[in-house]
Every structure is written in C-alpha cells, then in structure tokens.
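The values are calculated or read from the model by the stated rules, or taken from the named source; none is laboratory data. Note that the structure is a prediction, hence the values are computed from the model and not measured. Ideal geometry is used to build each Cβ from the backbone, glycine not excepted, and the neighbour counts take in all protein chains shown.
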Number of protein chains: 2
Amino acid sequence: MQTTDILGTMRILGLDIGGANLKAADGLGFAVTRPFALWKDPQGLTAAIGQLLAACGPADAIALTMTGELADCYSTKAEGVAAIVAAVCAAAEGRPVWVYLVDGRFVATQEAVAEPLLAAASNWRALAAFAGSLVPQGAALLLDIGSTTTDLIPLEGGQPRPAGLTDPERLACGELVYTGVVRTPVCGLVGSLPWRGRRVPVAQEWFATTLDAYVLLGDVAEEPAVGVGLSCHTADGRPATIACAQARLARTICADSSMFTLEEAHAGARAVSAAQLALLARQARLVLSRLAEPPGVVIVSGQGEFLARRLIERLRLGVQIVSLADTLGTNVSEAAAAHAAAVLARRQGLG
Amino acid sequence: MQTTDILGTMRILGLDIGGANLKAADGLGFAVTRPFALWKDPQGLTAAIGQLLAACGPADAIALTMTGELADCYSTKAEGVAAIVAAVCAAAEGRPVWVYLVDGRFVATQEAVAEPLLAAASNWRALAAFAGSLVPQGAALLLDIGSTTTDLIPLEGGQPRPAGLTDPERLACGELVYTGVVRTPVCGLVGSLPWRGRRVPVAQEWFATTLDAYVLLGDVAEEPAVGVGLSCHTADGRPATIACAQARLARTICADSSMFTLEEAHAGARAVSAAQLALLARQARLVLSRLAEPPGVVIVSGQGEFLARRLIERLRLGVQIVSLADTLGTNVSEAAAAHAAAVLARRQGLG
C-alpha cells in the first residue's frame, strides 16, 4: 500500500458482486469475502457493500465485476445489472466506479447499464485475463471451481480465447458449468444414491448439496457455528458439520440419520462427487478439444481446487499445475475475480 | 353435517400436515387446503393449524396424517413427528387426536410419537385404503400426482398391497416418486434444455420448477396474484404467470426473457414435462410388474391428474380411469388424504 502511495498510484479496490457472496480485493494482497444471500435481500445490497468497503483499506476507485444479476430477485439481467451498479455507486460515495465487461473492457457505469448483456457475469473474464498474464506463451486452461459454478477458460498466448461470451453460450460450449462444491443440489447431480445394497432414487428437492458430500469426504473443513462461513450455505441452515451433512444426505432419500449410517452417508457422498467429476470431465474434454494444442499449464482456482486437481488427474493431462491459492494465498484466491479486477484496472491506469 | 348430527355420529375432521400445504376435510364433502411453508416457519405451525381448524366446521375429533416430518426444519423424523403431533394437539384444544400409521392403524398420539417411523409419511396409506374401497375386486392402481411427490400404490381386492412402507423403501421400489407438478426443480429432471438449435446444460440451481413448465403448457391455470395459491410455490416468489414462468425457465440456462422467447420457453417446458413423464413411466412399470394381474382400474388423483392421464396413455393400459377429482369434486380431491383419513376414522367408529 505504502509503495503505491509513494508512487502516487491510485488505490483501486476490486469488487465481485455474486448472488451468494460479496468479495473485495485491492490486487496487492488484501482480500475479504462475505456471504450475502442477494436473492433473499436485494434491498440490503447497498448496506452490505458499504460494510464490505468499510472492512477494506481506503480506496480511490472501484473496479467492478459481477454475477449477482442472475439472482432471481431480478426479473431480467438488465434490471440486475442496473441494481448492482446503483448499489455499488451508492456505497462508493462519489468515488469512480469502473465496470468490467465480458469483452475485456472497463467502462463507466452508464455504459455498463446501457449494455447489460456485456456487463452481466463478467467475473470469469477478469479472472481469465489475470490468469493469462501468468502463462504468456502457449496454450493453457483456467479451471476455476467455485461454490456454485465452474469456469473452464482456454488461454492462448496469455489471452483468454473463450468460445462463448454470454452465460447461455458459455453453458452450451462447456466453458461455464453451473455446478460447484458448495451450493449444487444433490438432485441436480444424481438420480439415485446407494443404500442397503440398492440404488434409491433421490428426492427432487433442495435437501442436500455438494457441500455435504465434501464435508463428509473430508475435502472441506467442518464449520460448527451457525451463520458463519460455509454454514451460511447449507440446504437447511444447520451447520456444515459431518453429523448435519449426514442428516441432509439422508433426507435426499427421505431417510434420517437413524436409518442412514455414517458409512452409508460416505457411500452417498462418493456417488455425488463421482457424478460431479464425470460432468466436469465431459465439459472439460469439450473445451480442450477446441485448443489448437494440448495445454502446457492448467491454472486452478476457487474453493474447489481439490476437485480441480482430481479432474486434471482424471483427464490424464500432462500439465504443470499453477494454483492461485498457492500463488496468491488462500484468502486472495477466494476473491480471485475481485483481485483480478483490481490488478487489471491498475494495469490500465484507471482511477 | 346435519344428518350425522341427527344420527349422533362423532364429527371427525381429517388433517394432512405436509411440508408445503396444510389440508383439512370432514370426509363428507368439505375440504380446505392452505399453503404453509413448514420448513421456513416451524414455530408457526400451531397457529397455522389453528387458523385452518377455525375455517372448518365444528369437529369432535381429529384424524391425522402427515408428511411434514420430512421438512428440513426437523433434524430427524422422530423430531418432526413429535413436533407435528404436538402442534395438532395444541390447536385441537383438548379434542381427541388419532394418528394414522403406515400399517393402516389409527393410534393415540403417545403411540405415534413412540413409533415415529410408522407415523411418518402416512398419508399415502390413508389415501390408498380409501381408494381401495372404490375398487373392491381385482387388481387396481392408485396414481396420485401431487405438487411435490407421486404415489403409485398397487391395490388388490380393495386393499393396498404396498411393497414398501418407509419412504426410502418406497422410493427404492418405485411406489414413491419424489417428483410433482409444482415444486420439482427443473435441474432435478433435465440436464439440458433446447435453445437455438442446441442443447444447453441447465444451471444446477433452484431457478425454475415443474409449475413453470405446466403453466407455460396451459395444463395449470395462471395465478397472477402474489402470495395466493400456486404463486406461493414459485421458485422466485413471483406470480405463477406465463410471463414469469418464461423468465424463470430462461434463468435455468442463465438467460432472461430478452434472450429466451416464449416459443423457446414452450420448447423448454415440453422437454421438462417429457423428462418427468419418462421418469414416472419407468417407476410405474416397476410397480405394475409386481401386480398378480394387469390392473382393471387406475384411480387418479392430485393436482397432477392431467399428467396421470398422460401417463396411463403412454403406458398403454387398457383400464377404466376413476378420477378422484370427478368423484369427490376438485376441492375435496386436492385434500384427498385428509378426506380419506376422516372417512377411515368414521368407518372405524373413532371419536
């Protein structure tokens, strides 16, 4: 911070406004992530961003990326983009706000609101542009597995080479897979779970999520406190513990913990994780097939780095793995798109 | 009501306490259904049942069935059964409460609380016992498609012949299919939707439900008022209208109404409905294969009677269809398990 002040550089804060989390980073090593259920409390967004900004150091300007416009409190993306931009501007209290677009440009807020389909869901592009600068030569892949979604972005010569820009295009071409290691409902991944020697069809209901599978498998640490960290994202609002995960997974086959042992819960969790890995492998093969040459590097990031490593192993890619968690530290890595926005804005001399 | 009073018969009210709806019926033609999101407000259950009872005529005793114990506000079925029984007893203000068990017996509340796995999810059994009395001879099938779940119960000689009693057993043997015409998430039924000549993988998120598909297809009437009827059960809390259903279905491929025309929404709705019909057909074949002879009658009931008729057509069953909506009227049919509980209790001379 001091260095940049001495150089007279603007202090820029990157913001990534998602549907379930708000993230801020200064691009220099500071980052903070706060859970915020935007779809439940759209009116509270300005205040929540204000609290987030208050937790950060002083900033002269804001570089904004988002995905929260997809939250179902907004009837269209245009409405969501306008609401999020307005909330950020209100919380910014007069400081300039630059909005990152999916075509890689920063624009003023009026232009972003006028081009909502370019401003919508831009955080993957910010992260990909940042990741590209880590691999300036050859073909590479950014593999970002988050709480809710996964991005698979081809990189060539240090630049993102996406086949899709809007979310539906990105889903169709495999570059966005709407599955993650926390919020994904079990019934979206598997049609049945093993139980007492048979496969039991699962309830098509929001009873358990991938978080339960990964807590049971030991990939994600337990959070016993209610309303803290991952416990904010459970299907039933109960803590992210092994015991509660067992009960939630039991409920997907309409059982409870008395009828669904911990061993049975582990078997269920393995089935959920296997289905998610198979889905990701299918889409990754689609994306990799479009690269001119096999990737030399895969940059992994997000809360699901552990799953990204398993995916690379499964795909038998002979690549160098660059972990954003290792490169940036876990804290900054969790807010990697916000970090990327701040870095990109500083490189472009915005302020 | 007057006739039974003259005969000195006890006036019995059947109650069916579900996770999303509370239903009451007197077994004589009166019935009422009220939406109540039990998992969101377990503390409010007694008051909600009290309001339901106040909307009914005077009753001397209550015959109770339930499925609400599965709601994720309860950590086990035992906790759920105990809480629901306690709430009903409190609202009953001293009148006797009889609890129907999955083995077909009515028991006092203490016994039900002591045998929670028999008291849990008993409403299918009450409905099947009632339906059986409509077809005293030969093989028949009860096909009840509700908002959230479907029951497929074999009947022989007027009696239910279930292969499973607990919910996990019933899921495993196909007699319970946890899919319905209102609340089922689209991502639980389809992996992708058609859009602009391709299949786009859907978001594994609670963005749209089967209600949206059936409103779009004209099978379910629109409900434009917020917080009324089916509008209580939409994924985003917005009304159950064609325009809002289009927006919700758009969101499942991360689009919005500006990128996903009404025609595209219809195509998506057809894909969702086709997937649900295929799932139901698979499980129905499983259940029918266990009957000693092909069914002569299928008794259809629930909000999804329209889908039940399509299923019978698809299965090419040469059967007589008996509609509970036609037999009882739509109002009583919607609360058919509560109606059944009242009828069964009266037949057994409970009070």
Exercise. Could you tell me whether segment B:313-322 includes any residue that is farther than 17 Å from B:LEU143 by Cα and either of a type outside the set (D, E, K, R) or touching a residue at least 60 places away in the same chain (Cβ under 8 Å) (or both)?
Key: no
Exercise. Return the residue satisfying two criteria in turn: it lies in segment A:73-87 and is crowded, with 23+ Cβ neighbours inside 10 Å and in contact (Cβ under 8 Å) with a residue 40 or more places away in the chain, and of such residues it is farthest from A:LEU22 (Cα to Cα).
Key: A:LYS77
Practice problem: Name every residue in segment B:132-153 that is surrounded by fewer than 22 Cβ atoms within 10 Å (Cβ to Cβ) and part of a strand (DSSP E or B), in order of residue number. | Solution: B:ALA139
Practice problem: Give segment B:49-72 a look and list any residue that's over 19 Å from the mean Cα position of the chain (by Cα) and either among the aliphatic types (A, V, I, L, M) or surrounded by 21 or more Cβ atoms within 10 Å (Cβ to Cβ) (or both), or say none. | Solution: B:LEU53, B:ALA54, B:ALA55, B:ALA59, B:ALA61, B:ILE62
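Here are A:ALA163, A:ALA243, A:ALA225, A:ALA213: which of them is crowded, with 23+ Cβ neighbours inside 10 Å and either of a type in the set (Lys, Arg) or in contact (Cβ under 8 Å) with a residue 12 or more places away in the chain (or both)? Talk me through it step by step, then tell me what you get.
Numbers: A:ALA163 fails: crowded, with 23+ Cβ neighbours inside 10 Å; A:ALA243 fails: crowded, with 23+ Cβ neighbours inside 10 Å; A:ALA225 fails: crowded, with 23+ Cβ neighbours inside 10 Å.
Of the residues listed, the single one that is crowded, with 23+ Cβ neighbours inside 10 Å and either of a type in the set (Lys, Arg) or in contact (Cβ under 8 Å) with a residue 12 or more places away in the chain (or both) is A:ALA213.
Filter segment B:292-305 down to the residues that are surrounded by fewer than 16 Cβ atoms within 10 Å (Cβ to Cβ) and not charged (D, E, K, R), then identify the one that is modelled with the lowest pLDDT. Can you show your working first?
To start, the set of residues in segment B:292-305 that are surrounded by fewer than 16 Cβ atoms within 10 Å (Cβ to Cβ) comprises B:292-294, B:296.
Going one step further and asking which of them are not charged (D, E, K, R), we end up with B:292, B:294, B:296.
Details: B:ALA292: 90, B:PRO294: 94, B:GLY296: 97.
The selected residue is B:ALA292.
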Quiz item: How many residues does segment B:124-150 contain that are within 14 Å of another protein chain (Cβ to nearest Cβ), out of contact with any Phe, Trp or Tyr (no Cβ under 9 Å at 6 or more places or on another chain) and not hydrophobic (A, V, I, L, M, F, W, C)?
Solution: 2
Practice problem: Select, from A:ALA63, A:ALA37, A:ALA121, A:ALA48, the only residue that is under 26 Å from A:ARG183 (Cβ atoms), outside any helix (DSSP H, G or I) and in contact with a Phe, Trp or Tyr (Cβ under 8 Å, 6 or more places away or on another chain). | Solution: A:ALA63
Quiz item: Would you say B:THR179 is in contact (Cβ under 8 Å) with a residue 12 or more places away in the chain and closer than 18 Å to A:ASP72 by Cβ?
Solution: no
Quiz item: Between residues in segment B:45-62 that are of a type in the set (D, E, K, R) and residues that are part of a strand (DSSP E or B), which pairs lie under 8 Å by C-beta distance while being six or more apart or on different chains?
Solution: B:ASP60/B:ILE12
Practice problem: Restrict the check to segment B:80-91 and report whether at least one residue is assigned to a loop (DSSP other than H, G, I, E, B) and of a type outside the set (A, V, I, L, M). | Solution: no
Quiz item: Just a yes or no: is a residue in segment A:296-310 closer than 25 Å to A:GLY138 by Cα and without any contact (Cβ under 8 Å) to a residue 40 or more places away in the chain?
Solution: yes
Quiz item: Going through segment A:88-131 one residue at a time, which ones are crowded, with 19+ Cβ neighbours inside 10 Å and of a type in the set (S, T, N, Q)?
Solution: A:THR109, A:SER122, A:ASN123
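Taking segment B:5-64 as the search range and keeping residues that are among the small types (Gly, Ala, Ser) and out of contact with any strand residue (DSSP E or B) (no Cβ under 9 Å at 6 or more places or on another chain), which one is farthest from B:GLY227 (Cα to Cα)? Working first, answer last.
Keep residues of segment B:5-64 that are among the small types (Gly, Ala, Ser), which gives B:8, B:14, B:18-20, B:24-25, B:27, B:29, B:31, B:37, B:44, B:47-48, B:50, B:54-55, B:57, B:59, B:61, B:63.
Add one more test, that the residue is out of contact with any strand residue (DSSP E or B) (no Cβ under 9 Å at 6 or more places or on another chain), and what stays is B:8, B:19, B:29, B:37, B:44, B:47, B:50, B:54.
Values: B:GLY8: 41, B:GLY19: 17, B:GLY29: 26, B:ALA37: 12, B:GLY44: 17, B:ALA47: 18, B:GLY50: 20, B:ALA54: 21 Å.
Selected residue: B:GLY8.
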Quiz item: Can you name the number of the only condition in (1) closer than 23 Å to A:ARG125 by Cβ; (2) in a helix (DSSP H, G or I) that A:GLU293 fails?
Solution: (2)
Quiz prompt | Positions within segment A:296-351 being on the phi > 0 side of the Ramachandran plot and assigned to a helix (DSSP H, G or I), in sequence order | solution = none
